[in-house]
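Report on the following structure.
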Amino acid sequence: MRITRVADRHWHALDDDLVVGRGYAEHRPDGRLFVSIDAWHDTAFDQLAEAMSAELPAPLYAVVDEADVALTARWRRAGFRIRRREWEYVIPTDPRATGLEEVLPPPGVTIVPAGQADEGMLRAVDRDVRDEVEATVGWWQSMPAEVLPRSEDDTIVDPSKYAVAAAPDRYLGLIRVVTVRRPRIGLVAVRAGEQRRGIARALLAHALGTLHRSGFATAWAEVQESNQAASALAEGIGAQSVSSNLELVR
């Protein structure tokens, strides 16, 4: 078997000139280098992993479905270890199921629907929330992986996807919902000094209610295993954990 680098960060495993495996590497928005391998059998996977690890700068990261025991074992054999676990939740949108039917924002706070937020104020609350998290547990260590392409230092990819909780002079929190094949809640965040006021629940009530009226019965979200507050919030509105992903590192 022969391993060939066919392009930048792209490898093939060849058996008598037949491609029996492919390896890829790409930088995520946070700058980390993630690798993936699609191989027919263990030998091709192992040799691709060895060749890629030798040519790429460490650390390297990979993401696998925890239910895929065989693939996880392959990565572990290649020297990768489990760094963190993300739970994937399916969330009902019907207010009668979530218990959010009567939820309103606290006094002095209004919900600005997606597509209507002031872009400058939206970017300000997003930046401030990220800085607050980074100063404590670390943004990329505690938040689900973000894979949307964006410009350097621009964390708002599409302002039209965000609804916000607004005070008269600034935004206090935000929620991002992206619908491709299914609605995904990619982010719910509230400024540190405004937490425990019911703002996150009000944002969820708004976003899920909007999806329900648009004909979507469920939405999806990922929560880092160590984020117990986020898990409690999700499970408190009827979310069910349906799978988990493992982030691996070498």
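The table below lists the values:
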{"quantity": "A54/R85 FRET efficiency (R0 25 Å; Cβ-Cβ; nearest 0.05)", "calculated": "0.35"}
{"quantity": "With every protein chain in place, the chain: carbon and sulfur % of accessible area (1.4 Å)", "calculated": "50"}
{"quantity": "Exposure rank, largest accessible area first [S243, S160; 1.4 Å]", "calculated": "S160, S243"}
{"quantity": "Gyration tensor (alpha-carbon) shape descriptor, region 152-250, a/c threshold 1.5", "calculated": "rounded"}
{"quantity": "Relative packing of peptides 182-188, 3-9 - highest average C-beta neighbours within 10 Å first", "calculated": "182-188, 3-9"}
{"quantity": "Shape of region 180-231, Cα gyration tensor, a/c cut at 1.5", "calculated": "oblate"}
{"quantity": "Per-residue HN-Hα couplings for region 125-134 [Karplus 6.51, -1.76, 1.60; θ = phi - 60°; Hz; x = Gly/Pro]", "calculated": "5, 4, 5, 5, 5, 4, 5, 5, 5, 4"}
{"quantity": "Cβ-Cβ FRET estimate between W220 and E26, R0 fixed at 22 Å, reported to 0.05", "calculated": "0.45"}
{"quantity": "Full-extension gain in nm, Q116 to H41, via 0.36 nm per residue minus C-alpha separation", "calculated": "21.9 nm"}
{"quantity": "Label-to-label distance, nm, for residues given as A67 and T4 (7 Å Cα→Cβ offset)", "calculated": "3.7"}
{"quantity": "Using a Förster distance of 45 Å, the FRET efficiency for E102-L18 (Cβ separation, nearest 0.05)", "calculated": "0.10"}
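The values are calculated or read from the model by the stated rules, or taken from the named source; none is laboratory data. Being a predicted model, the structure only gives us computed values, none of them experimental. For neighbour counting, all protein chains shown are included, and Cβ atoms are generated from backbone atoms with ideal geometry for every residue, glycine included. Heavy atoms of the whole protein, side chains included, go into the accessibility calculation; ligands, DNA and RNA do not. Shrake-Rupley method; radii C 1.70, N 1.55, O 1.52, S 1.80 Å.
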